[in-house]
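> Please find one structure pasted underneath; my questions will follow.
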Amino acid sequence: MPVTTLIRRVLNRSNTLADSDDVARTATPDGRRNAPASPMPIASTTFNAADQDAGMATTTRFTSNFPNSAIYEEPTTMAEGDFTDTSSMSDTDVKMPIVEDGEKDAVEDLTMLESQVAEQEQGIQHGQPARNAGFLRSFSSVVCIIIGTGCLQIPYAFAKTGWIGVIVVVLSAFIGGYTGVLTIKCLYYQHGHRLHSFPQIGRAAFGRYGQYATQFFNYLYSLGTTCLYIILAGQFIYQLVSTLGVNISQKVWMILVALIIWIPVAILKEMSEAAILAIFGLLASVVVIVVATVMSIAHPYTKMHPTEPAPGEDIAIAIGIPVALSSIVFSYSGSVVYPHVEASMKKPKQWSMVVYTAMGFCCVCYLLIGVSGYWAYGDKVVSPVLDSIPGGAPATIAKIMITLHVIIAAPIMLLTFFLEVEQGWKINAERLGKKREFIVRLVYRSVVVALVCAVSLAIPYFADFLSLISSIACVTMFAILPIVCYLKLYGHKVAPWYEKIWMAVVLVIGIVASVWGSVDAIKSLIRDVKGGAHS
């Protein structure tokens, strides 16, 4: 029960009891009327309710009058000599205060209120993780999801845009930080209450249909990205073992990857339990970026193929910008995990710093691998870029590390989907019991992993599938929904004129990238499927 509801119930009961005392005056044997019962001793009880506005944590104080001890009946005025000497009575002879039924309910409400306030002070709310994550842990969780496999196709995006892709990468980083802050602001649009996920934001902004639309894009992104992880991991493992003479098809390796991903999915219950995975995933991504950057500079295309003409490079390729933009946006996408990461932060007011720092870090990494890869291989670079660098120990290490990152990041991505489903379906130990809750959670999570694996086996075209998912789901979640929902919840007057211009620019970029990128990706997929059928 919300704290504010408890306050209203207690205050209403207190007023009702006071009115009943005025009515229930009775006459004494000597003809005088009893004075009304003295008002109950009231102590001012103050508690804190965490609230957050405009991306910053503030504290709102609610003060109300509540009984500081048990509710009791005050003695009425008595005639002279009408008293009892209690000095000789034992403790057991003294009558205890009388508690009425309505007052018992009020006491129970106060007990529940004190329990909820104590839980809020400890950062623990019903069904929500404890707020115990520091800056580094939150930063690692965001970067682990953002930087992932998206970094491997930045050079390929540059090949579609030319060197103007540098501007697109930097611009996308600013958009990612801005919409990341707006997303969390939407969670706190109602003072004293926090939403828990993107679908709840959609429902608050546009009702039931807004929730359905947000769920579609949210789940498409979470499950689609997991499909990409399985495809990429299976592809890299197949390439690694093929050099050792192991003749196992890529699809078999994809199934094995899905089984490995299933293990932490079955064990982990909350996002806070996956924190250590995020740190290892971040380190793995840094190793991959360093290896790819160094190998590209040390072994450019002209050095690897001295007899062939140098690959072409362009300043700007206008027709390729919308398509490449969708892929670059995918490299910054992580909106679905933002509510869960912020919910575990010890200091929520640091969220803006966390998301902008994460975007800045990813931007630097993308510029390193993108500039070096496009400089080295030009328009002949492929996605993922590890297929362009020469083979050997460094390339092998990079592929092993990115495979480990994929296996680590996939459960975190799936966990955001599972947590929202479990909250909506009320799959928890309080309702089902620990044993039944574990069984239900294990069964439906296993079914989801199996379905994701099946889709991955059906569409093993990494580059085009990546473009399709990023165009439909990622661009919408990244650039469109946060702004639209924010304006609907807060009103257009909340933003100054220059911020409205920036919002319009972001919306135009998002819509163009989503539509154009989706059409191009679907055409490429059709060509790949037809080509695979003829071969």
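> Scan L256, L228, L244, L277 and give me the residue that is modelled with pLDDT under 85, within 27 Å of L468 (Cα to Cα) and either of a type in the set (A, V, I, L, M, F, W, C) or not in a helix (DSSP H, G or I) (or both). Steps first, please.
Numbers: L256 fails: modelled with pLDDT under 85; L244 fails: within 27 Å of L468 (Cα to Cα); L277 fails: within 27 Å of L468 (Cα to Cα).
The conditions single out L228.
> So, in the stretch 216-259, exactly how many residues are closer than 15 Å to L451 by Cα and open to solvent by 10 Å² or more (accessible area, probe 1.4 Å)?
Looking only at that region, the number is 7.
> Scan the stretch 417-434 residue by residue and report those that are among the polar types (S, T, N, Q) and modelled with pLDDT of 80 or more.
So the first thing to find is which residues in the stretch 417-434 are among the polar types (S, T, N, Q), and the list is 423, 428.
Residues satisfying the conditions do not exist here.
> Can we say I427 is within 21 Å of L277 (Cβ to Cβ) and aliphatic (A, V, I, L, M)? Outline the logic, then answer.
Details: within 21 Å of L277 (Cβ to Cβ): no; aliphatic (A, V, I, L, M): yes.
The answer is no for I427.
> May I pose another question? Give the number of residues within the stretch 307-357 that are farther than 16 Å from G150 by Cβ, hydroxyl-bearing (S, T, Y), in contact with a helix residue (DSSP H, G or I) (Cβ under 7 Å, 6 or more places away or on another chain) and part of a loop (DSSP other than H, G, I, E, B). Working first, answer last.
Taking the stretch 307-357 and keeping what is farther than 16 Å from G150 by Cβ, we get 307-322, 338-357.
Still in the running and hydroxyl-bearing (S, T, Y): 307, 338, 344, 352, 356-357.
Applying the additional criterion that residues be in contact with a helix residue (DSSP H, G or I) (Cβ under 7 Å, 6 or more places away or on another chain) yields 338, 344, 352, 356-357.
Now restrict to residues that are part of a loop (DSSP other than H, G, I, E, B): 344.
Of the residues in the stretch 307-357, 1 are farther than 16 Å from G150 by Cβ, hydroxyl-bearing (S, T, Y), in contact with a helix residue (DSSP H, G or I) (Cβ under 7 Å, 6 or more places away or on another chain) and part of a loop (DSSP other than H, G, I, E, B).
> Does the stretch 183-206 contain at least one residue that is open to solvent by less than 30 Å² (accessible area, probe 1.4 Å) and closer than 30 Å to L386 by Cβ?
no
> Would you pick out the residues in the stretch 158-193 that are in a helix (DSSP H, G or I) and within 17 Å of the chain's Cα centre (by Cα)? Give the derivation first.
Taking the stretch 158-193 and keeping what is in a helix (DSSP H, G or I), we get 158-161, 165-187.
G176, G177, Y178, T179, G180, V181, L182, T183, I184, K185, C186, L187, listed by residue number.
> Is one or more of the residues making up the stretch 415-430 under 19 Å from L282 (Cβ atoms), of a type outside the set (F, W, Y), in a helix (DSSP H, G or I) and in contact (Cβ under 8 Å) with a residue 60 or more places away in the chain?
The first filter runs over the stretch 415-430 and keeps only residues under 19 Å from L282 (Cβ atoms), leaving 415-416.
Now restrict to residues that are of a type outside the set (F, W, Y): 415-416.
Filter once more, so that each one left must be in a helix (DSSP H, G or I): 415-416.
Of the ones still in play, those that are also in contact (Cβ under 8 Å) with a residue 60 or more places away in the chain are 415-416.
Yes; the residues of the stretch 415-430 include at least one that is under 19 Å from L282 (Cβ atoms), of a type outside the set (F, W, Y), in a helix (DSSP H, G or I) and in contact (Cβ under 8 Å) with a residue 60 or more places away in the chain.
> A follow-up question, please. Looking at (1) open to solvent by 20 Å² or more (accessible area, probe 1.4 Å); (2) under 28 Å from A458 (Cα atoms), which one does I317 not meet, given that it meets all the others?
(2)
> Scan the stretch 445-458 residue by residue and report those that are touching a Phe, Trp or Tyr at 6+ places or on another chain (Cβ under 9 Å), exposed (fewer than 15 other Cβ atoms within 10 Å of the Cβ) and more than 11 Å from V265 (Cα to Cα).
A450
> If we scan the stretch 460-468, do we find a residue that is in a helix (DSSP H, G or I), aromatic (F, W, Y), in contact with a helix residue (DSSP H, G or I) (Cβ under 9 Å, 6 or more places away or on another chain) and touching a residue at least 60 places away in the same chain (Cβ under 8 Å)? Give the derivation first.
First, the residues of the stretch 460-468 that are in a helix (DSSP H, G or I): 462-468.
If we keep only those that are aromatic (F, W, Y) as well, we get 462, 465.
Subset that is in contact with a helix residue (DSSP H, G or I) (Cβ under 9 Å, 6 or more places away or on another chain): 462, 465.
Checking the rest, the ones that are also touching a residue at least 60 places away in the same chain (Cβ under 8 Å) come to 462, 465.
Taking every residue of the stretch 460-468 in turn, at least one turns out to be in a helix (DSSP H, G or I), aromatic (F, W, Y), in contact with a helix residue (DSSP H, G or I) (Cβ under 9 Å, 6 or more places away or on another chain) and touching a residue at least 60 places away in the same chain (Cβ under 8 Å).
> From the list S331, S344, which residue is of a type in the set (S, T, N, Q) and under 18 Å from I164 (Cα atoms)?
Values: S344 fails: under 18 Å from I164 (Cα atoms).
Among S331, S344, only S331 is of a type in the set (S, T, N, Q) and under 18 Å from I164 (Cα atoms).
The values are calculated or read from the model by the stated rules, or taken from the named source; none is laboratory data. Since the structure is predicted, the reported quantities are computational estimates derived from the model, not experimental observations. Positions of Cβ are backbone-derived with ideal geometry, glycine not excepted, and every protein chain shown enters the neighbour counts. Calculation scope for accessible area: heavy atoms of the full protein, side chains included, ligands and nucleic acids excluded. Shrake-Rupley method; radii C 1.70, N 1.55, O 1.52, S 1.80 Å.
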